[in-house]
1. Going down the list 169/224; 169/204; 322/425; 224/244, which pairs span over 20 Å between their C-alpha atoms?
2. Kindly identify region 74-126 as rounded, prolate or oblate by the Cα gyration tensor criterion: order the square roots of the eigenvalues as a ≥ b ≥ c, call it rounded if a/c is under 1.5, otherwise compare a/b with b/c, prolate if a/b is larger, else oblate.
3. Using Cα centres only, tell me the gap between region 238-256 and region 153-217 in whole Å.
4. Ignoring ligands, DNA and RNA, what percent of the 1.4 Å accessible area of region 263-331 is carbon and sulfur?
5. For a quick protection proxy, order the peptides 85-98, 274-287 by their average other-Cβ count within 10 Å, most packed first.
6. Where a Cα-Cα gap under 19 Å defines reach, which lysines qualify for residue 209, not counting those fewer than 8 residues away within the same chain?
7. Return one quarter of the surface area of the convex hull spanned by the alpha-carbon atoms of region 170-273, equal to its mean projected area, in nm².
8. Quick one: which of 421-430, 315-324 comes out on top by average Cβ neighbours within 10 Å, and what's the full order, highest first?
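The values are calculated or read from the model by the stated rules, or taken from the named source; none is laboratory data. Here the structure is a predicted model, which means the values were calculated and not measured. Here the Cβ is made from the backbone with ideal geometry for all residues, glycine too, and neighbour counts use every protein chain on show. Only protein heavy atoms, including side chains, enter the accessible area calculation; ligands, DNA and RNA are left aside. Shrake-Rupley method; radii C 1.70, N 1.55, O 1.52, S 1.80 Å.
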Amino acid sequence: MRNKSFVTVLLLFVLLLTPVKLHADNNLLVQGLEAYRQQDWSTALFFLRKASTLPENLNAETWYVLIMSEIFAGDYESVETDGAYFMKTFPTSSYMANVEYQMARAWFNTGEYQKAIDSFGAFCVKYSDSSLMASALFWMAESLYQTYNYEQAAPIFERIVTDYPSSPKVVEAAFRLDLLGQREREEKLLYLLRVTGEEYLAAKEDYEKLIKQYQSEEAVTLRKSIRELSSRVEELETQLEDEKKKNAQLSARILDMTTQYEQLQTVAEESARAAQQSALAAEQAQAQVQAANAATAQANAEAAAANAQAAAANAAADAAIKAAETRPLIIYQNLPTEPSTQTQPQQQTPQQQTPQQQAPVVQEPVVQQPEPVQTTPTTPAVQEPAPVQQPAPATQPATEPVAQQPEPAQPEQVPQEDEELKKLKEKAQRLQDILNSRGSSGSGK
């Protein structure tokens, strides 16, 4: 039964994979395969024999199924005929070993034991690595046993038990070995019984009892083995159900993990896009900071230039103040003095004085003052330079931007009025006051 199921599944699988052109008549093959699957051998033979006549079904698979159906149906003569056709038509088929094995079995079942012995012997030599090797040895030994060649059959049965302990034929081979042992003992007993007469009859009765006892013990052993195997099959089925449940759980877990992975991948892509946008924003901020630093450096340079101009103007103002403080005294000391008894002339207003009287007071301070290099004029009304916007004193260096964490550009700050400009204004005012006081003193003298 196990061989039937295995062959059925194998052939159906091969036939499904074999490309066949389907038409109306090919339903015969499908019906034959269905009957074969249901072990309806007569129906399978009916449809398969009709299907084998079609050209599209001239293949090794169809004929192999037909031969197997004939074996199971007991049509051994057809097996011999169809097997010979198969070996002639499909000599390179992978089913050749199975066909030769089935043909040898057909000869055994028809009682042609010598042909079966020769066929099984050739099979064992030709296909020593086949999975049917143990079965071929068994049927060859059975053929020898049926032809009373016990001495030749016994070593083959022993080889099956020794070399193929997992084969299903081991139990039958061991049983045959026991029978052969019993037969040998029986022959010895029969010889003694023939000699002794009555002892022969008694020994025969004892022998028959032993045979019945052995058969009953063998039956009990077989039933026990069947029960153990059935229990083992139930355990394996339970384990199979457990494994199926575990497999379903693992499949559900794999599905959940796949979903989580897709979600994490989506989050990672969004994070990558956000990081890219942050990097672009950082580059823009860096560019703005660099532009602000350049503007700050330019403002510092302008502030330094303005400070230099203010320093030069302060120096010129100092020189003008010093000249204004000293030179008018020298001029007034050189003027002719009048007697103290002489009455001073009435002070005239600037409009009544003559040009000769006004000249020493107004023009000398302006003419004798030194000219500063690259400065504003030294007249009393000194022009103040326009305030220059500067972010910080010239001595403070511009800060470098931080490359790793750029800060946004700060708005340019309006610098405070420099101390040099304040000093310049004060000195200009002082010079104006001195000139005004000297002018009034000169006009009085």
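1. Beyond 20 Å between Cα atoms: 169/204; 224/244.
2. The shape class here is oblate.
3. Cα centres, region 238-256 to region 153-217: 52 Å.
4. For region 263-331, the apolar C and S fraction of the accessible surface comes to 59 percent.
5. 85-98, 274-287
6. In chain and number order, the partners are 188.
7. Seen from a random direction, the Cα hull of region 170-273 projects 10.0 nm² on average.
8. 315-324, 421-430
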